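Structure first, commentary second.
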Amino acid sequence: MKNRLLFLGPPGAGKGTQAKLICQEKSLLHLSTGDLLREEVSSGTDLGKIAESIMNKGELVSDEIVLSMVEKRLSSNKKGWLLDGFPRNLPQAGLLQELLEKLDQPIKTVLLLEIDDDTLTKRMIARGRKDDTESVIRNRLKIYRDITSPLVHHYEKLGILKSVNGSGTVEDVNNQIKGALI
Ligand code: AMP
(Lines give C-alpha, C1' and ligand atoms only; values in the text may rest on other atoms or scores of the structure.)
Protein backbone atom coordinates (compact mmCIF):
# COMPACT_ATOMS: atom_id res chain seq x y z
CA MET A 1 0.00 0.00 0.00
CA LYS A 2 1.18 3.53 -0.80
CA ASN A 3 1.17 4.92 2.71
CA ARG A 4 3.97 7.49 2.67
CA LEU A 5 2.97 10.24 0.28
CA LEU A 6 3.93 13.72 -0.70
CA PHE A 7 1.56 16.15 -2.45
CA LEU A 8 3.14 18.72 -4.71
CA GLY A 9 1.55 21.49 -6.75
CA PRO A 10 0.93 25.24 -6.86
CA PRO A 11 -1.05 27.07 -4.17
CA GLY A 12 -4.77 26.69 -4.84
CA ALA A 13 -4.38 23.38 -6.71
CA GLY A 14 -6.53 21.60 -4.11
CA LYS A 15 -3.73 19.81 -2.23
CA GLY A 16 -5.33 20.40 1.18
CA THR A 17 -8.80 19.26 0.13
CA GLN A 18 -7.53 16.18 -1.65
CA ALA A 19 -5.02 15.36 1.10
CA LYS A 20 -7.80 15.33 3.70
CA LEU A 21 -9.88 12.88 1.63
CA ILE A 22 -6.97 10.51 0.97
CA CYS A 23 -5.90 10.60 4.63
CA GLN A 24 -9.42 9.70 5.77
CA GLU A 25 -9.67 6.89 3.25
CA LYS A 26 -6.23 5.42 4.00
CA SER A 27 -5.97 6.39 7.70
CA LEU A 28 -2.85 8.44 7.18
CA LEU A 29 -1.49 11.31 9.24
CA HIS A 30 -2.09 14.55 7.31
CA LEU A 31 0.84 16.91 7.81
CA SER A 32 0.23 20.30 6.25
CA THR A 33 2.98 22.77 7.16
CA GLY A 34 0.65 25.65 6.15
CA ASP A 35 -2.07 24.41 8.58
CA LEU A 36 0.51 23.87 11.34
CA LEU A 37 1.87 27.38 10.84
CA ARG A 38 -1.65 28.90 10.84
CA GLU A 39 -2.31 27.11 14.17
CA GLU A 40 0.88 28.64 15.61
CA VAL A 41 -0.23 32.08 14.40
CA SER A 42 -3.73 31.78 15.87
CA SER A 43 -2.36 30.50 19.21
CA GLY A 44 -0.01 33.50 19.30
CA THR A 45 3.15 31.42 19.95
CA ASP A 46 6.65 32.89 19.43
CA LEU A 47 6.98 30.78 16.30
CA GLY A 48 3.59 32.05 15.10
CA LYS A 49 4.70 35.66 15.61
CA ILE A 50 7.78 35.07 13.45
CA ALA A 51 5.80 33.22 10.77
CA GLU A 52 2.81 35.58 10.50
CA SER A 53 4.36 38.52 8.63
CA ILE A 54 6.25 36.16 6.30
CA MET A 55 3.07 34.26 5.47
CA ASN A 56 1.10 37.46 4.92
CA LYS A 57 3.61 38.44 2.22
CA GLY A 58 3.44 34.98 0.63
CA GLU A 59 7.14 34.36 1.33
CA LEU A 60 8.59 31.12 2.68
CA VAL A 61 9.14 30.58 6.41
CA SER A 62 12.65 29.34 7.29
CA ASP A 63 13.61 25.75 6.52
CA GLU A 64 14.58 25.14 10.19
CA ILE A 65 11.12 26.12 11.46
CA VAL A 66 9.17 23.91 9.06
CA LEU A 67 11.58 20.99 9.39
CA SER A 68 11.30 21.02 13.19
CA MET A 69 7.48 20.98 12.98
CA VAL A 70 7.55 18.01 10.61
CA GLU A 71 10.29 16.12 12.46
CA LYS A 72 8.47 16.31 15.79
CA ARG A 73 5.31 14.78 14.30
CA LEU A 74 6.86 12.15 12.04
CA SER A 75 9.16 10.84 14.77
CA SER A 76 6.24 10.06 17.07
CA ASN A 77 3.91 8.77 14.35
CA LYS A 78 3.06 5.09 14.07
CA LYS A 79 0.95 5.08 10.88
CA GLY A 80 1.53 6.20 7.31
CA TRP A 81 1.58 9.88 6.42
CA LEU A 82 0.91 12.43 3.73
CA LEU A 83 3.04 15.59 3.53
CA ASP A 84 1.19 18.58 2.07
CA GLY A 85 3.07 21.83 1.38
CA PHE A 86 6.45 20.46 2.48
CA PRO A 87 9.08 20.36 1.05
CA ARG A 88 8.83 23.74 -0.67
CA ASN A 89 12.40 24.05 -2.01
CA LEU A 90 15.38 21.81 -2.79
CA PRO A 91 17.14 22.35 0.58
CA GLN A 92 13.95 21.23 2.39
CA ALA A 93 13.82 18.15 0.14
CA GLY A 94 17.38 17.33 1.21
CA LEU A 95 16.55 17.80 4.91
CA LEU A 96 13.45 15.64 4.52
CA GLN A 97 15.48 12.95 2.80
CA GLU A 98 17.94 12.85 5.72
CA LEU A 99 15.10 12.68 8.25
CA LEU A 100 13.32 9.87 6.39
CA GLU A 101 16.53 7.87 6.11
CA LYS A 102 17.00 8.21 9.86
CA LEU A 103 13.41 7.03 10.44
CA ASP A 104 13.72 4.34 7.77
CA GLN A 105 10.50 5.61 6.13
CA PRO A 106 11.16 6.40 2.45
CA ILE A 107 8.55 8.28 0.39
CA LYS A 108 6.51 5.87 -1.74
CA THR A 109 4.86 8.31 -4.17
CA VAL A 110 5.00 12.03 -4.93
CA LEU A 111 1.74 13.21 -6.43
CA LEU A 112 1.77 16.37 -8.53
CA LEU A 113 -1.54 18.24 -8.88
CA GLU A 114 -1.38 20.23 -12.12
CA ILE A 115 -3.65 23.16 -12.89
CA ASP A 116 -3.50 26.42 -14.87
CA ASP A 117 -2.83 29.82 -13.27
CA ASP A 118 -6.27 31.32 -14.06
CA THR A 119 -8.12 28.50 -12.30
CA LEU A 120 -5.71 28.68 -9.35
CA THR A 121 -6.17 32.41 -8.93
CA LYS A 122 -9.98 32.13 -9.11
CA ARG A 123 -9.99 29.32 -6.54
CA MET A 124 -7.77 31.21 -4.12
CA ILE A 125 -9.78 34.43 -4.37
CA ALA A 126 -12.96 32.39 -3.69
CA ARG A 127 -11.26 30.73 -0.67
CA GLY A 128 -10.56 34.17 0.81
CA ARG A 129 -7.76 33.32 3.23
CA LYS A 130 -5.71 36.22 4.64
CA ASP A 131 -2.89 35.51 2.16
CA ASP A 132 -5.34 35.16 -0.75
CA THR A 133 -5.27 38.79 -1.93
CA GLU A 134 -4.33 39.42 -5.56
CA SER A 135 -0.79 40.73 -4.98
CA VAL A 136 0.08 38.03 -2.42
CA ILE A 137 -1.32 35.33 -4.73
CA ARG A 138 0.93 36.67 -7.51
CA ASN A 139 3.94 36.41 -5.19
CA ARG A 140 3.04 32.89 -4.04
CA LEU A 141 2.69 31.73 -7.66
CA LYS A 142 6.07 33.27 -8.51
CA ILE A 143 7.69 31.53 -5.51
CA TYR A 144 6.11 28.27 -6.61
CA ARG A 145 7.46 28.62 -10.16
CA ASP A 146 10.95 29.79 -9.13
CA ILE A 147 11.62 27.88 -5.92
CA THR A 148 9.20 24.99 -5.46
CA SER A 149 8.65 23.66 -8.99
CA PRO A 150 12.27 22.36 -9.38
CA LEU A 151 11.10 19.66 -6.97
CA VAL A 152 9.01 18.19 -9.79
CA HIS A 153 12.15 17.34 -11.76
CA HIS A 154 13.93 16.22 -8.57
CA TYR A 155 11.27 13.58 -7.76
CA GLU A 156 10.82 12.67 -11.42
CA LYS A 157 14.49 11.72 -11.53
CA LEU A 158 13.97 9.54 -8.46
CA GLY A 159 11.20 7.73 -10.38
CA ILE A 160 8.47 8.29 -7.77
CA LEU A 161 6.47 11.15 -9.36
CA LYS A 162 2.88 10.78 -10.61
CA SER A 163 0.84 13.63 -12.11
CA VAL A 164 -2.89 14.25 -11.89
CA ASN A 165 -4.92 17.02 -13.53
CA GLY A 166 -6.38 19.03 -10.65
CA SER A 167 -8.90 21.12 -12.57
CA GLY A 168 -11.93 18.79 -12.30
CA THR A 169 -14.45 18.48 -9.46
CA VAL A 170 -13.27 17.39 -6.01
CA GLU A 171 -14.70 13.92 -6.69
CA ASP A 172 -13.10 13.60 -10.16
CA VAL A 173 -9.70 14.57 -8.86
CA ASN A 174 -10.05 12.25 -5.85
CA ASN A 175 -10.80 9.34 -8.20
CA GLN A 176 -7.81 10.15 -10.38
CA ILE A 177 -5.56 10.32 -7.32
CA LYS A 178 -6.80 6.96 -6.05
CA GLY A 179 -6.08 5.51 -9.50
CA ALA A 180 -2.56 6.93 -9.46
CA LEU A 181 -1.87 5.51 -6.00
CA ILE A 182 -2.70 1.90 -6.78
P1 AMP B 1 -0.02 26.73 2.35
O2 AMP B 1 -1.15 26.55 3.31
O3 AMP B 1 0.72 25.45 2.06
O4 AMP B 1 -0.41 27.48 1.10
O5 AMP B 1 1.06 27.66 3.10
C6 AMP B 1 0.74 28.98 3.51
C7 AMP B 1 2.03 29.73 3.81
O8 AMP B 1 2.73 29.08 4.88
C9 AMP B 1 3.04 29.78 2.68
O10 AMP B 1 2.76 30.84 1.76
C11 AMP B 1 4.33 30.01 3.45
O12 AMP B 1 4.44 31.34 3.91
C13 AMP B 1 4.13 29.12 4.68
N14 AMP B 1 4.62 27.74 4.46
C15 AMP B 1 3.88 26.60 4.39
N16 AMP B 1 4.64 25.52 4.19
C17 AMP B 1 5.92 25.98 4.10
C18 AMP B 1 7.18 25.36 3.88
N19 AMP B 1 7.30 24.03 3.70
N20 AMP B 1 8.28 26.17 3.88
C21 AMP B 1 8.21 27.48 4.07
N22 AMP B 1 7.05 28.14 4.26
C23 AMP B 1 5.91 27.40 4.28
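Odds and ends about this structure:
- Gap separating the Cα centres of the stretch 160-175 and the stretch 89-148, nearest whole Å: 15 Å
- Of all accessible heavy-atom area on the chain, the percent that carbon and sulfur account for (1.4 Å): 52 percent
- Cα gyration tensor shape for the stretch 121-182, rounded if a/c is under 1.5, else prolate or oblate: oblate
- Dipole moment magnitude, nearest 20 debye, the chain about Cα centre, only Lys, Arg, Asp, Glu C-beta charged: 400 debye
- Take the chain and mark each of the trypsin sites (Lys or Arg not before Pro) that is in a DSSP loop with at most 16 other Cβ atoms within 10 Å; the longest unmarked stretch, sites excluded, is 1-77.
- Of the residues Leu31, Gln176, Ala126, the one whose Cα sits farthest toward the positive end of the charge dipole of the chain, with +1 on the Cβ of Lys and Arg and -1 on the Cβ of Asp and Glu, is Gln176.
- 18 Å reach of a label modelled at Lys108, 7 Å along Cα-to-Cβ, counting backbone N of the stretch 149-174: 159-164, 174
- The distance separating the Cα centre of the stretch 45-73 from that of the stretch 2-32 comes to 20 Å.
- Relative to the current alpha-carbon distance between Glu25 and Lys130, full extension at 0.36 nm per residue lengthens the span by 34.8 nm.
- Global form of the stretch 101-145, assessed from the alpha-carbon gyration tensor, a/c cut-off 1.5: prolate
- Projecting the Cα atoms of Ile65, Ser43, Val110 onto the charge dipole of the stretch 36-159, computed from C-beta unit charges around the Cα centre, puts Ser43 farthest toward the positive end.
- Label-to-label distance, nm, for residues given as Leu100 and Asn3 (7 Å Cα→Cβ offset): 1.6 nm
- Subset of Lys72/Lys178; Lys78/Lys162; Lys2/Lys162 violating a 20 Å alpha-carbon distance limit: Lys72/Lys178; Lys78/Lys162
- Among Leu82, Leu99, Leu113, the largest mean-square fluctuation in a Gaussian network model of the chain (Cα springs under 10 Å) belongs to Leu99.
The values are calculated or read from the model by the stated rules, or taken from the named source; none is laboratory data. Just so it is clear, the structure is predicted and the values come from calculations on it, not from any experiment. Every residue, glycine as well, gets a Cβ built from its backbone with ideal geometry; the counts of neighbours run over all protein chains shown. Just the protein is used for accessible areas: all its heavy atoms, side chains included, with ligands, DNA and RNA removed. Shrake-Rupley method; radii C 1.70, N 1.55, O 1.52, S 1.80 Å.
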